[in-house]
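Handing you this structure, nothing more for now.
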Amino acid sequence: DTKLLDRILLRHLLDLAQAKLATASGLPKRENNFRITQSFLWREALASFQTLAERLQAARKLLNAPGVTLDAATKQFVASDTGMSLVVQRPSAIRDMGDSVAHPKYVSRDAYKKIIARHNVTDDHAGLHAILEYVNPVSQSH
């Protein structure tokens, strides 16, 4: 479904922007940092600010701190109120929509069985069924 995939990909796009901003702002990099870790560091740096205005101000302060040098693309992005609002928004509607698609609250056992049957790599089927039995055994299925 295009609509559902779009929600996941927009969340991914948001993560990419937040990760780039974390790196640009000089937030501490850890060895072998993944994009998701950098995105989390960005959100964590803004977590104590309650309002959108406070988070925007804090984000711009991070990005304009002494010793921070921004490339032209980052400077242009930081000047975008609408773009910056999305990368500091909490709760994030884009993140929540993507998460609800990628991590639904409930998927029936039968739905998982159909998904496994459609999976292209048939060598994975036995392992996927083992995972299904582990996380949703017959005795606990809804």
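What area, in nm² and to one decimal, does the C-alpha convex hull of segment 26-142 cast on average over all directions?
11.4
Just name one of SER85, ALA130, TYR106: the one whose Cα is farthest towards the positive end of the charge dipole of segment 76-142 (beta-carbon charges, Lys/Arg +1, Asp/Glu -1).
In segment 76-142, that residue is TYR106.
Averaging sequence separations of C-alpha pairs under 8 Å and six or more residues apart, then dividing by the length of segment 5-77, give the relative contact order as a whole percent.
Here the relative contact order equals 33 percent.
Most mobile of ARG118, ARG60, ARG95 per a Gaussian network model of the chain (Cα springs, under 10 Å)?
Of ARG118, ARG60, ARG95, the most mobile in the Gaussian network model is ARG118.
Additional query: Over the Cα atoms of segment 90-138, what radius of gyration and what Dmax do you get, in Å?
Looking at segment 90-138, its Cα Rg and Dmax stand at 13.8, 42 Å.
Let me ask another. Please state the charge dipole magnitude for segment 1-88, taken about the Cα centre, from unit charges on C-beta atoms (+1 on K and R, -1 on D and E), reported in debye and rounded to the nearest 20.
Computed about the Cα centre, the dipole is about 80 debye.
Right, another one. Return the calculated 222 nm mean residue ellipticity for the chain, to the nearest 500 deg cm²/dmol, obtained by summing -39500 (n - 2.57) across DSSP H runs with n ≥ 4 and dividing by the residue count.
The per-residue figure over the chain is -20000 deg cm²/dmol.
Can you tell me the 0 to 90 degree angle between the C-alpha axis of helix 52-63 and the longest principal axis of the chain, rounded to 10?
70
Follow-up. Quick one: helix 125-135 against the long Cα principal axis of the chain, what's the angle to the nearest 10°, folded into 0 to 90?
80
Next question, about the same structure. What are the semi-axes of the equivalent ellipsoid for segment 57-114, taken as the square roots of 5 times the Cα gyration tensor eigenvalues, largest first, in whole Å?
Over the Cα atoms of segment 57-114, the semi-axes work out to 38, 11, 10 Å.
Something else about it: Which value does Rg/Rh take for segment 10-90 over its C-alpha atoms, Rh per Kirkwood?
Rg/Rh for segment 10-90 comes to 0.92.
So how tilted is helix 93-102 from the main axis of the chain? Cα-based, degrees 0 to 90, rounded to 10.
Between the helix axis and the principal axis of the chain, the angle is about 20 degrees.
May I pose another question? Give me the dipole magnitude in Debye, nearest 20, for segment 23-142 about the Cα centre, with unit charges on the beta carbon: positive for Lys and Arg, negative for Asp and Glu.
For this selection, approximately 220 debye.
Could you size up the charge dipole of segment 78-142 around its Cα centre, putting +1 on the beta carbon of Lys and Arg and -1 on that of Asp and Glu, and report it in debye to the nearest 20?
160
Every read-out reported here was derived from the displayed coordinates using simple, explicitly stated rules and does not represent laboratory data. Computed from a predicted model, the values in this text were never measured in an experiment. Glycine gets a Cβ as well: all are built from the backbone with ideal geometry, and neighbour counts include every protein chain shown.
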